[in-house]
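Have a look at the structure below before the remarks.
The values are calculated or read from the model by the stated rules, or taken from the named source; none is laboratory data. Please read all numbers here as calculations on a predicted model, not as lab measurements. As a convention, Cβ positions derive from the backbone with ideal geometry for all residues, glycine included, and neighbour counts pool all protein chains shown.
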Amino acid sequence: MGINDDPTPAAEELAAGHGIKAERPLLTPVEDPARIKWLHTHVMCACPDENWSRTLGNCPDGCANPQKGEIADMVYDGKTNDQILDFMVKKYGTRVKSSPGLGGVGGLAFFLPVFALLVMAWFAGGLVRGWKTQGDAARAERRAKHADIDPEEIARIERDLESLE
Amino acid sequence: MPNEFGYLEFARSLVLLGAGLSVGTILSVVLGNQLKDRRFVLVARRTMIGAGLCTVAAAVGLVFGFVNGAYERSYIFNYSEKGLPLGYKIAGLWGGLDGSILFWAGLIGIVGMITAFGFKRDQKDPSGRRLEPWVYLVFGVIQLFFLVVIAYVTNPFEHLSESIGLEAFNRNFPDGIVPDGNGLNPLLVNYWMLIHPPCLYFGWVVYTVPFAYAIAALVTGEQGNYWITKIRRWTMLGWLFNTTGIILGGLWAYVVLGWGGYWAWDPVENASFLPWFTSTALLHSIMVQERRGMMKAWNAFLATATFVLSIFGTYLTRSGIVSSVHAFGSGDVGYWFLGFLLFTIAACLFLVALRQPAMRSPHRIESLSSLEAMFVINNLVLLAIASCIIILTLWPKISNDFFGQALTIGPPVYNKVTIPFFVLLLLITAVGPAMGWIRTSPKALKKNLLLPALLAIPVAALVQFGAESIQAGENGALPWAKRLYPTYIILYAATLIVFSVTYEVLRTAQNRSRRTGTGYFEALTTLFLRNNRRYGGYAVHIGMAIIATGIVCSSMYRVEKHFSLAEGEQAKIGNYEITLDHVNMQPNADIENNRVYGFQALDLKIVPKIGGEFFMHPEKRLYPKKDGQVVTEVEIHRGLTEDLYVFFQSTNEEGRFNLVVYRNPLINLVWAGWITMILGGIYAALPLGRKRVGLAD
């Protein structure tokens, strides 16, 4: 809890500090915007305030500029995406990658939902098969019950129903 | 302890009184059930209404505290200040953790009271009489939980002297008067703050009613359609508010956070989304129960899952277990919610397992090519998406705690995992209108679907071409693979929804016109009026298709550029020429209702190629009361085909001004789709049209 004595900001406070100034300007990465966009999506913003909750692309604050600048420089220097991501991991730690690789614990994040889906599909398959079997039986029973109805009459009803559909 | 505002102490005691009355509700139901005495139900109803009134009165008391400036209360001190406009003073109620829990409890009180009055009206219905006490029991338990948490864990009435200690309080405020508060977080001082959280909370709270009915049905083994009719109305209401809350949250992020987007798969965003999937699934499967008497236990499960997920969302937001841009922080309250969550899940699973055999329907799905089969698949896909989101949201925590590996699950993972399911969901939505109940012949399916499917191919391509031409290659060409998947596939599925619905409506109106001999438009109007549920639902589907189109185009074809400009300099993005005309700096501004902040604003002159210049004024504000927090006010120029979005990032060493400028093509389709969905939902919820006759009957 902060209790303030003087709520009025000094002029120089606004002009000089409090995060308004960036450490470096970020110029338009004209070299390969699609690639820069991809990298900004796959690298998390390392600003301390963000607590690894935003990608660089979702982090417009000035504090992300050094990191964006590093990426722009490496793209300019001809580094591959993997080399850039490796550099980021070395410098900022494993949490900097927004998408863990397919191997290891990170990969489980991709496979567990697929596994969950397979379980669900298996469950649904069983459920629907059971319903279908019983449904077929119910239909057969109903047909047997109405066996005395003229087949032409049934065909006429089906035609009518189809026209309604 | 200084206590100038007696009503706040009174409000504080109302919380305890409400908790006592909730205990009374629970005991009345249990005793009434044991003694088989109906009079206890009346007692339960009255104590529940009493607890609700106490909670609402306590919340109103806190709002009065905000409005009157009772800054000696810790919560009010931290979330308000004298200069705030009245609306934001009231919004302080849900601006922080403690108040938001009281707000939630107050809403439960209101919804509980409405439910109780509904039962009073339904006394002649035997099903209603049977379910009534158990619904009260569920409400009693939930109310008790929230009121105990408010009283002992997150008390918003706590005095500053209790939170910082009496000695520190006396040192800071020797005369015992706290003149002003610390102020609301500037990011929250936005008009969406007044609407978005209440919508979301109300939606979540409304889900308590279907949950209570489902539990009551499971406990009593009630087989009739009474509870499902009640559940549908309340779920629809909750769904409308939940949807609105989610979209307004996106809109808030869009106009406040400055990154030009609206959804980032943040854990808190995910938390708001999870109950939406199960409630959407429930709204579809309810129809199967109404029409064919099937899926009763499944519906009870979905109603409980929706409530559980709303509590899970609260747990995620308030426990601090996941990193989020807008979590409420961490504390003991997370453990309370976890305990309540586990208790609820265990009780629900036990009840569903116990009653499932008795709730089996004699009717079965007779063909996979039927509407009920489509609803089952739709339910499974919705649940699969919700499961994926839960796993991915918790994965960083699981990875860290169980495998010792710190990692992040960001948007690329969510997109990779969920997009195939969303595509499937869109396709099911498109095929649905072509299906009939029980069985649809392949011939009929072909007749209903072929033309829309063929028409959607070129139209989706045209939409894609349009979005690409707006971007005009500024971001570099999208690779062909991405142009096809997900871009074209989603646009195709969305277009197919619109065409299949339109075709179905036109065809049915034509049939009706032919059959009844009435004019075409008369037949169309009659259809809309007689079957508002179906056509309201179709409007919701069209809204979903519009949103999908907006999301795909605005994210795949977004253009982002960074500029560093000095006064008088120019830059170009797409068809816009941007000139930094003037810099306006006001370090000691005292602008809105004496809220003190300094600001630095840029006057940008924008000249579009087609002519008609306009100005944009992005600015930065510095709030000394919030430890010098700097907040950027983005500026958006909205257009029919695209938004021009300017974020004033920083000032650099050479005295230039860094700007991030985005062009977001077709982004307004997201908001337009939401409005369509809401209007359709409201229309579907209206008590119009004919009484539905179940095919099972």
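Test B:ALA57 against the stated conditions and say whether it is of a type outside the set (D, E, K, R), free of Cβ contacts under 8 Å to residues at least 60 places away in the same chain, within 19 Å of B:ALA11 (Cβ to Cβ) and surrounded by 15 or more Cβ atoms within 10 Å (Cβ to Cβ). Spelling it out, B:ALA57 is indeed of a type outside the set (D, E, K, R), free of Cβ contacts under 8 Å to residues at least 60 places away in the same chain, within 19 Å of B:ALA11 (Cβ to Cβ) and surrounded by 15 or more Cβ atoms within 10 Å (Cβ to Cβ).
Listed here are the residues, each with its yes/no results for (1) in contact with a Cys (Cβ under 8 Å, 6 or more places away or on another chain); (2) within 21 Å of B:ILE551 (Cβ to Cβ); (3) outside any helix (DSSP H, G or I).
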site: B:VAL463; (1), (2), (3): yes, yes, no
site: B:SER469; (1), (2), (3): no, yes, no
site: B:TYR488; (1), (2), (3): no, yes, no
site: B:VAL501; (1), (2), (3): no, yes, no
site: B:ARG507; (1), (2), (3): no, no, no
site: B:PHE521; (1), (2), (3): no, no, no
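Yes/no matrix, rows are residues, columns are (1) away from chain A (no Cβ under 14 Å); (2) over 29 Å from B:GLY537 (Cα atoms); (3) aromatic (Phe, Trp, Tyr):
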{"residue": "B:SER650", "(1), (2), (3)": "no, yes, no"}
{"residue": "B:ARG656", "(1), (2), (3)": "no, yes, no"}
{"residue": "B:TRP674", "(1), (2), (3)": "yes, no, yes"}
{"residue": "B:ILE678", "(1), (2), (3)": "yes, no, no"}
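With respect to being within 20 Å of B:GLY99 (Cβ to Cβ), part of a helix (DSSP H, G or I) and in contact with a Lys or Arg (Cβ under 9 Å, 6 or more places away or on another chain), B:LEU62 fits the description.
Taking the criterion of being part of a helix (DSSP H, G or I), β-branched (Val, Ile, Thr) and buried (at least 23 other Cβ atoms within 10 Å of the Cβ), would at least one residue in segment B:287-296 satisfy it? Yes, some residue in segment B:287-296 is part of a helix (DSSP H, G or I), β-branched (Val, Ile, Thr) and buried (at least 23 other Cβ atoms within 10 Å of the Cβ). Looking at B:TYR191, B:TYR207, B:TYR201, just one residue is among the aromatic types (Phe, Trp, Tyr) and farther than 28 Å from B:ALA70 by Cβ, and that residue is B:TYR207.
Output the qualifying pairs, or none if there are none: Cβ atoms under 6 angstrom, residues six or more apart or on different chains, first residue in segment B:516-532 and touching a residue at least 40 places away in the same chain (Cβ under 8 Å), second residue exposed (fewer than 15 other Cβ atoms within 10 Å of the Cβ). If the second residue must be exposed (fewer than 15 other Cβ atoms within 10 Å of the Cβ), the pairs left are B:ARG530/B:ARG690; B:ASN532/B:LEU686; B:ASN532/B:LEU688. For first residues located in segment B:377-395 and farther than 13 Å from A:PHE123 by Cβ and free of Cβ contacts under 8 Å to residues at least 60 places away in the same chain, partners that are in a helix (DSSP H, G or I) and among the polar types (S, T, N, Q) and lie 6+ apart or on another chain with Cβ distances below 6 Å form the pairs B:CYS388/B:THR418.
Which helices (runs of 4 or more DSSP H) does segment B:320-432 wholly contain that include 1 or more residues that are at the interface with chain A (Cβ under 8 Å from one of its Cβ atoms) and aliphatic (A, V, I, L, M)? Lay out the reasoning, then the answer.
Values: elements: B:333-355, B:371-403, B:411-431.
Answer list for segment B:320-432: B:371-403, B:411-431.
Scan segment B:631-648 for residues that are at the interface with another protein chain (Cβ under 10 Å from one of its Cβ atoms) and assigned to a loop (DSSP other than H, G, I, E, B) and the total you get is 1.
The residue that is surrounded by the fewest Cβ atoms within 10 Å (Cβ to Cβ), among those in segment A:75-94 that are more than 12 Å from chain B (Cβ to nearest Cβ) and outside any helix (DSSP H, G or I), is A:GLY78. For A:PRO66, the conditions (1) within 11 Å of chain B (Cβ to nearest Cβ); (2) modelled with pLDDT under 90; (3) assigned to a helix (DSSP H, G or I) all hold with the exception of (1).
The residues of segment A:31-40 that are farther than 17 Å from B:VAL661 by Cα and not in a loop (DSSP other than H, G, I, E, B), listed by number, are A:ARG35, A:TRP38, A:LEU39.
In segment B:330-347, the condition of being modelled with pLDDT under 90, under 24 Å from B:TRP265 (Cβ atoms) and not assigned by TED's automatic domain parsing to the domain that holds B:ILE101 is met by at least one residue. Looking at B:VAL23, B:VAL29, B:VAL15, which is the one that is touching a residue at least 40 places away in the same chain (Cβ under 8 Å), of a type outside the set (Asp, Glu) and under 14 Å from B:GLY109 (Cα atoms)? Unique residue meeting the criteria: B:VAL15. Within segment B:620-638, being out of contact with any helix residue (DSSP H, G or I) (no Cβ under 7 Å at 6 or more places or on another chain) and at pLDDT 90 or above holds for B:GLU635, B:HIS637.
Each residue in segment A:49-62 was checked for being in a helix (DSSP H, G or I) and modelled with pLDDT under 85, and 3 of them qualify. Considering only residues in segment B:471-485 that are within 14 Å of chain A (Cβ to nearest Cβ) and in a helix (DSSP H, G or I), the one that is surrounded by the most Cβ atoms within 10 Å (Cβ to Cβ) turns out to be B:GLN471.
Is it fair to say B:GLY128 is farther than 25 Å from B:ASP332 by Cα, under 24 Å from the mean Cα position of the chain (by Cα) and at pLDDT below 95?
No; evaluated as a whole, the condition is false for this residue.
Restricting segment B:64-119 to residues that are without any contact (Cβ under 8 Å) to a residue 40 or more places away in the chain and crowded, with 20+ Cβ neighbours inside 10 Å, the residue that is farthest from B:VAL178 (Cα to Cα) is B:LEU93. Note on segment B:173-183: residues that are over 41 Å from the mean Cα position of the chain (by Cα) and surrounded by fewer than 17 Cβ atoms within 10 Å (Cβ to Cβ) amount to 3.
Which condition from (1) surrounded by 23 or more Cβ atoms within 10 Å (Cβ to Cβ); (2) closer than 17 Å to B:THR115 by Cα; (3) touching an Asp or Glu at 6+ places or on another chain (Cβ under 8 Å) is the one that B:SER22 breaks? Checking B:SER22 against (1) surrounded by 23 or more Cβ atoms within 10 Å (Cβ to Cβ); (2) closer than 17 Å to B:THR115 by Cα; (3) touching an Asp or Glu at 6+ places or on another chain (Cβ under 8 Å), the one that fails is (3).
Could you check segment A:41-63 and list, in sequence order, the residues that are more than 8 Å from chain B (Cβ to nearest Cβ), closer than 20 Å to B:SER555 by Cβ and either surrounded by fewer than 24 Cβ atoms within 10 Å (Cβ to Cβ) or not β-branched (Val, Ile, Thr) (or both)?
A:CYS45, A:LEU56
Inclusion of B:ASN658 among residues that are over 29 Å from the mean Cα position of the chain (by Cα) and at pLDDT below 80 is not warranted.
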